[in-house]
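Worksheet: the structure to be examined is printed underneath.
The values are calculated or read from the model by the stated rules, or taken from the named source; none is laboratory data. Predicted, not measured: the structure shown is a model, and the values here were computed from it. For neighbour counting, all protein chains shown are included, and Cβ atoms are generated from backbone atoms with ideal geometry for every residue, glycine included. The area values use the complete protein model at the heavy-atom level, side chains included, leaving out ligands, DNA and RNA. Shrake-Rupley method; radii C 1.70, N 1.55, O 1.52, S 1.80 Å.
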Amino acid sequence: MLQSIHDKAKGILGIIIVAFLAVVFGLWGIGDYITGATEKFVARVDGVEISQSQFERGLARQRQQLEQAYQGQIPDSPVFQQRLKEQVLEQLITQQVMQKMVANEGYRIADALLAQKIKTMKAFQQDGVFDNNSYQAIIQSQGRSVKEFENLYRNDLAIQQLQDAVMRSSIVGQAELTILNQIQQQNREINYLQFDDLNYMADIEVSDDQISDYFELNQTRYMHPETASISYVELSSANLARDIPVDDEAVRRLYDEYVASIASKEQRKARHILVNLAMDADTETQQQKKAAIDELLARINRGESFEAIAKESSEDPGSANNGGELGWVSKGMMVPEFESALFKLDKGQVSDVVKSSFGYHIIRFDDVKAEAVASFESRQAELVKQYKAQLLEDSFYEKSELMATTAYENDQSLQEVADALGLEIKTASAFSRVRGTGIAVHDKVRNAAFDSTVLAEGRNSEVIEIAKDNVLVLRVDVHTEAKPKTLDEIKPLIITAIKVEKARQKSQASALEVLARLELGESIESKAFQASARLVKLGSVKRDNTSADRQVLTQAFSMSKPVADKPVYKIVELATGAAVIELKSVTAPESASSEQLQVLSRQFQNEQSNRDMSVVLNYLKSQSDIVRSKEL
């Protein structure tokens with residue numbers, strides 16, 4: 001696939017243009033896309049399985065995004081975690097449904113378009129030019145081939161084509177825009193009386209019978225949660241010895257690797273002249289082509305302009321018009337024969353004739369960009385630190401493996417684990433499924449403690465990774481089932497709950513009484529009303545006003561227009577009590593300008609296209625055979 005690009009990647013311009021596409025399918029597993037999943041599946045869409053590993057990767061990435069957005073403060077309640085899992089699963093199902101739609105409708109990405117898109121990616125560019133070393137390193141770190149990345153990106157672009165087609169089909173008419181402008185720019189004159197529950201709390205008395213009755217009816221709302229206390233053995237890099245002896249030869253090898261990496265990053269600015277020669281050219285043709293390139297080299301050696309000869313005679317369409325200029329070239333970007341000749345030249349030197357799979361070249365080395373190599377002495381401290389960090393990492397990995405093996409083989413005790421690692425057994429006081437302190441602040445610890453194998457069978461947990469360099473294994477010491485709280489424990493809470501309930505009833509009753517009087521013609525500014533409520537005069541506002549109470553504003557813009565200058569009234573329940581809204585007048589906006597309508601059109605079209613896309617996806621799902629696992 002993209003064979004022509006691959007050929008050029010080793011040739012004339014030497015620019016490899018296949019970029020790292022791990023971000024393309026953030027939720028979609030690359031390995032599963034290529035090889036298919038044989039493990040447990042979380043869903044099946046028309047016979048295609050979505051694997052557990054795909055789901056776990058998507059879930060981890062979604063959690064990471066939420067933690068970044070909310071500075072790590074995301075809910076750890078079972079309800080939230082379950083909703084998060086369901087959301088990720090639906091995203092994966094949607095992805096699979098759209099892939100099928102793309103295939104059925106014949107959406108295709110041409111090689112030229114794919115190449116163009118890949119060329120514009122900045123992930124591997126150095127000074128605006130593709131850097132092959134970065135590209136190779138990232139691809140290898142993923143254990144993937146260029147072809148796999150191309151397949152993934154091609155598929156993603158095809159899905160984008162489908163989305164664009166749906167969104168471009170959304171049409172907004174002039175009449176719709178005019179109505180929408182009238183709605184958005186309409187002004188309403190609004191006042192309201194706010195009745196706060198707190199104003200009625202002090203006068204409410206609560207009897208013992210009311211407390212007892214409330215307790216009997218609502219006992220299940222007041223429970224001591226299920227808890228567990230644990231013992232655990234924790235391993236972190238901080239536990240490991242820091243006085244690691246330094247191997248001077250190993251440090252010197254690290255320096256040699258550093259020097260080699262600097263050399264590999266050197267870039268050379270070059271020009272060339274190419275005389276094409278087919279791989280299967282006969283002897284006579286080869287001789288003719290060789291004679292032609294020899295004559296060009298002779299002209300250069302006699303002092304003629306390299307650039308002029310390149311424009312006149314080079315058969316490389318990508319560089320000839322620029323006097324043969326190739327730009328900045330790194331190692332690995334050119335075919336071996338070309339690269340070897342270029343990196344042997346001195347600055348300003350012209351090569352002899354060089355033969356490659358493309359034909360005959362004459363190369364001129366114009367300039368160089370290279371990072372200065374620091375001395376061993378100046379980098380020694382950093383290299384020693386790097387060496388120790390690697391040994392520490394290796395030691396941590398080995399001890400983690402030992403922890404896992406020992407905990408599994410001796411699953412009824414942590415003593416063997418502690419002895420094998422030379423660590424102490426720690427304890428954590430009781431915590432619930434959703435909240436804990438100390439080590440139990442981590443949801444992974446709480447989930448492991450309440451796992452059925454650990455809880456019911458009394459076994460050690462599996463190794464729990466708290467952080468990259470922090471793991472532990474635990475077992476439950478004491479497990480306490482959830483139980484109701486006694487009346488004495490929650491009596492103050494019950495009194496408050498009853499008062500809140502009765503205060504809400506009183507604020508609602510007061511609002512209803514005032515509404516009746518307003519509808520009979522009494523003024524909302526009456527002093528009698530302000531004894532029990534607070535008058536708020538919003539004045540003339542639009543529906544996008546940000547200073548007004550959102551509940552009041554929403555209800556006010558849903559009210560019928562006043563007739564014959566007679567205000568309209570409505571009660572709305574608020575989080576803190578109730579309000580009686582007075583709508584005095586409605587003012588229509590002036591006609592919108594063409595510029596305003598254009599802005600409105602773009603806004604409305606985006607909203608409409610998103611709704612259309614949602615309809616399409618729901619339809620596609622309804623036509624698909626989707627099986628969801630009951631266990632996530």
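Listed here are the residues, each with its yes/no results for (1) of a type in the set (D, E, K, R); (2) surrounded by 13 or more Cβ atoms within 10 Å (Cβ to Cβ); (3) out of contact with any strand residue (DSSP E or B) (no Cβ under 9 Å at 6 or more places or on another chain); (4) not in a helix (DSSP H, G or I).
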residue: L383; (1), (2), (3), (4): no, yes, yes, no
residue: A407; (1), (2), (3), (4): no, yes, no, no
residue: S413; (1), (2), (3), (4): no, yes, no, yes
residue: F431; (1), (2), (3), (4): no, yes, no, yes
Original post:
Within region 465-477, which residues are open to solvent by 70 Å² or more (accessible area, probe 1.4 Å) and modelled with pLDDT of 95 or more?
Top reply: D477
**OP:** Return a yes/no flag: does region 308-325 have any residue that is of a type in the set (G, A, S), more than 22 Å from S261 (Cβ to Cβ) and open to solvent by 50 Å² or more (accessible area, probe 1.4 Å).
**Re:** yes
Original post:
Of the residues E257, E295, which is under 41 Å from the mean Cα position of the chain (by Cα) and in a helix (DSSP H, G or I)?
Top reply: E257
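Would a scan of region 516-526 turn up a residue that is at pLDDT below 90, of a type outside the set (A, V, I, L, M, F, W, C) and either over 20 Å from A202 (Cα atoms) or surrounded by 13 or more Cβ atoms within 10 Å (Cβ to Cβ) (or both)? If you could, list the steps in order and put the result at the bottom.
We begin by selecting, within region 516-526, every residue at pLDDT below 90; these are none.
Taking every residue of region 516-526 in turn, none turns out to be at pLDDT below 90, of a type outside the set (A, V, I, L, M, F, W, C) and either over 20 Å from A202 (Cα atoms) or surrounded by 13 or more Cβ atoms within 10 Å (Cβ to Cβ) (or both).
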**OP:** Examine region 31-51 for a residue that is modelled with pLDDT of 75 or more, open to solvent by less than 40 Å² (accessible area, probe 1.4 Å) and small (G, A, S), and state whether such a residue exists.
**Re:** yes
Subject >> Filtered residues of region 340-373 (kept if closer than 15 Å to Q267 by Cα and either free of Cβ contacts under 8 Å to residues at least 60 places away in the same chain or in a loop (DSSP other than H, G, I, E, B) (or both)) >> reply: S340, A341, F343, K344, L345, D346, K347, G348, A370, E371, A372, V373
**OP:** Output the residue which, of all residues in region 117-167 that are among the charged types (D, E, K, R) and under 14 Å from Y107 (Cβ atoms), is modelled with the lowest pLDDT.
**Re:** D164
Original post:
Of (1) under 23 Å from G348 (Cβ atoms); (2) out of contact with any Ser or Thr (no Cβ under 6 Å at 6 or more places or on another chain), K331 satisfies all except one. Which?
Top reply: (2)
Subject >> Pairs where the first residue, in region 488-515, is within 29 Å of I581 (Cβ to Cβ) and of a type in the set (S, T, Y) and the second is open to solvent by 80 Å² or more (accessible area, probe 1.4 Å) and assigned to a helix (DSSP H, G or I), C-beta under 8 Å, 6+ apart >> reply: S507/N199
Original post:
Which of (1) hydrophobic (A, V, I, L, M, F, W, C); (2) assigned to a strand (DSSP E or B); (3) open to solvent by 60 Å² or more (accessible area, probe 1.4 Å) is the odd one out, the single condition L583 does not satisfy?
Top reply: (3)
